[in-house]
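Working notes for the structure below.
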Amino acid sequence: MADAARRKVRMLAVGAALVLVLAAAAIGGYALLKQNYLAPGPARATVRLKVRQGETLREAFGQLAGEGALRNPREVELYLRLRRVQPRVEFGVYDIPARSSPAQIVRMFAEGRVVLDRITAVEGTTFAQFLSELEADPDIEHTLRGLSGAAIMAALGAPGENPEGRFFPSTYIFSPGTSDLTVLRMAYDKMSTVLAEVWSGREPGLPLTGPYQALILASVIEKETGVADERARIAGVFVNRLRRGMPLQSDPTVIYGLGRRYDGKIHTRDLTTDTPYNIYTRTGLPPTPIALPGLPSLLAAVHPEATPDLYFVATGKGGHHFSRTLAAHDAQLRRYLAQLRLERRQAERHRRSHP
């Protein structure tokens, strides 16, 4: 019995020692995993990684290993599993800095520190120009090429709407790989929100039937002047003329209606040929906006300045002369045309003396 007891004690001792050895090995292995998890990575330069929607952490680790930014992706996965950590991966484009540790990379994924791109819809540009900017951006996923404006509006869930003026001019930030439709939806929704807010705070008694007419008027104001403190006064002139049933007589609407036929000059035939956008020959507003109006022009359209003026003409220096009567307006117009002729003659003399 004594021998059996001693054998049993020895077996228990061996087992305990083995457990201690295994425990020590496990602790040492875990410590090594942790050390490697926190250690700087092998990449010598920034690595750009694109994580598509739905991709797993393992797939992202595989890409990084292939780019030389991660030594042992399975080891990193094991360490995370032992810690019972299941980090999410936000889709997008990441710039992984040189020598980033696995811990730093996982933190970037979890926090969604994606590279952001931006695009600006400029006040006064047309929908076609904004669309061209989108099409030229290499970081946008292009899904709308070749589609008509009507098809694009249908894709946005706004079938039957004319796209002109329906997108708010601003800077939009997005991750590379975002679709052109998504960016347009941001701009469309922003304009819808701003226009509704502006219209709800409008002056009473405006000769406008609804927010869309305010949008049209704002687009004409946007194209008529770049001088901030003139917008409300120009709006006041247009409102006065609308109330009197007078043609608005705006050159930018004529130019918009000409489209590609516009050669840089407005000819007499352009002003006398009747088209939907020729508001020399027609009263009221044009049928659609003619550009993307910014917030100042939208506010001017619904808060026009109370003015007796019915006319304005460019000064040639960025602003306008305003007049109450046609006679005063014609006098200002003659001065403006004389100034233009003088400037042309001076330019021609300069060209001849400096061939």
Exercise for the section: List, in order, the whole-Hz ³J(HN,Hα) value for each residue of region 57-65 obtained from phi through the Karplus relation with A = 6.51, B = -1.76, C = 1.60 and θ = phi - 60°; use x for Gly and Pro. Expected result: 4, 4, 5, 5, 4, x, 4, 5, 5
Problem - Along each principal axis, Cα extent of region 117-196, largest first, Å - result: 30, 25, 19
Handout entry: region 23-165: relative contact order as a whole-number percent, Cα under 8 Å and 6+ apart
Key = 23 percent
Problem - Between 0 and 90°, nearest 10: helix 2-38 axis offset from the chain longest Cα axis - result: 20 degrees
Fill in the blank from the handout: Of L292, L131, L342, the most mobile residue in a GNM of the chain (C-alpha springs, cutoff 10 Å) is L342
Problem - Charge context of R231, other residues only, Cβ under 10 angstrom, K/R +1, D/E -1 - result: -4
Handout entry: Crossing angle, helix 102-111 versus the chain [Cα axis fit, 0-90 degrees, rounded to tens]
Key = 40 degrees
Fill in the blank from the handout: Classified through the alpha carbon gyration tensor (a ≥ b ≥ c as square roots of its eigenvalues; rounded if a/c is under 1.5, else prolate when a/b is larger than b/c, else oblate), region 34-115 comes out oblate
Exercise for the section: Classify the chain as rounded, prolate or oblate from the Cα gyration tensor: take a ≥ b ≥ c as the square roots of its eigenvalues, call it rounded if a/c is under 1.5, otherwise prolate when a/b beats b/c and oblate if not. Expected result: prolate
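Where the only charges are on Cβ atoms (+1 Lys, Arg; -1 Asp, Glu), what is the dipole of region 257-355 about its Cα centre, to the nearest 20 debye?
Charge dipole of region 257-355: 640 debye, to the nearest 20.
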Problem - the chain: relative contact order in percent, alpha carbon pairs under 8 Å with at least 6 residues between - result: 14 percent
Problem - the chain: Lys pairs at Cα distance under 24 angstrom, eight or more positions apart or on different chains - result: 4
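Could you please report the charge total around A314, scoring K, R as +1 and D, E as -1 over all other residues with beta-carbon less than 10 angstrom from its beta-carbon?
-1
Throughout, read-outs are computed from the coordinates displayed, never taken from laboratory work. What you see is a predicted model; the values in this text were computed from it and never measured. Positions of Cβ are generated from backbone atoms using ideal geometry, with glycine treated the same way; all protein chains shown enter the neighbour counts.
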